[in-house]
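Taken together, the values in this text are just the output of simple stated rules run on the coordinates, not laboratory data. Bear in mind that the values here come from a model prediction, so they are computed numbers and not experimental data.
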């Protein structure tokens, strides 16, 4: 994935575009216009997560991300410090899963199997 320098001066990998074409016709064949997607990261926060959880309702899918900092804890409870909640429609979640699976396949082909 190529890196890009943002307006904040940080160099970050160019994110994958989750929405992909579903047919071989061009936008002009369908009477549509082509649109360039630009990711504006000026207000983006970055968080590390070693724990993820997923919830759902009829209208949305919710992803929770956090950090387990209780290594070697003894007791009946492990506390996960949640840092991010991402809420999306089921159709966006489906496109996200498809893209994530493709990226992980490419990762394993280049780097090796994830255990």
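Centroid-to-centroid, using Cα positions, the stretch 44-75 and the stretch 82-106 are 14 Å apart.
Full extension of the chain between residue 85 and residue 33 gives 15.4 nm of extra length, using 0.36 nm per residue less the Cα-Cα distance.
Relative contact order of the stretch 43-115: 24 percent, from C-alpha pairs under 8 Å at least 6 residues apart in sequence.
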